[in-house]
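Accompanying notes for the structure given below.
The values are calculated or read from the model by the stated rules, or taken from the named source; none is laboratory data. Bear in mind that the values here come from a model prediction, so they are computed numbers and not experimental data.
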């Protein structure tokens, strides 16, 4: 997620009820030399069977936020192996 004008200290990533909540606030100077804050709110739905929530990681480099969510290993009951004759 691109977040121009936002540093690592201005980003917060939370997990709540299988939703990854991203909040970022950066400062931006307008043409009239007034300061205002850029806001970057976002929500990402996580898989309902994600059991490794403590392994979610995030990093900010060059104003880009990268979220790393562990892959959910799920066995599908509707898949079966076909015997080859």
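So that you can scan it fast, the table gives a plain yes or no per residue for (1) modelled with pLDDT under 80; (2) not in a strand (DSSP E or B):
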{"residue": "33", "(1), (2)": "yes, yes"}
{"residue": "38", "(1), (2)": "yes, no"}
{"residue": "44", "(1), (2)": "no, no"}
{"residue": "47", "(1), (2)": "no, yes"}
{"residue": "50", "(1), (2)": "yes, yes"}
{"residue": "58", "(1), (2)": "no, no"}
{"residue": "67", "(1), (2)": "no, no"}
{"residue": "70", "(1), (2)": "no, yes"}
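Determine, yes or no, whether residue 5 is modelled with pLDDT under 85 and outside any loop (DSSP other than H, G, I, E, B).
No, not satisfied.
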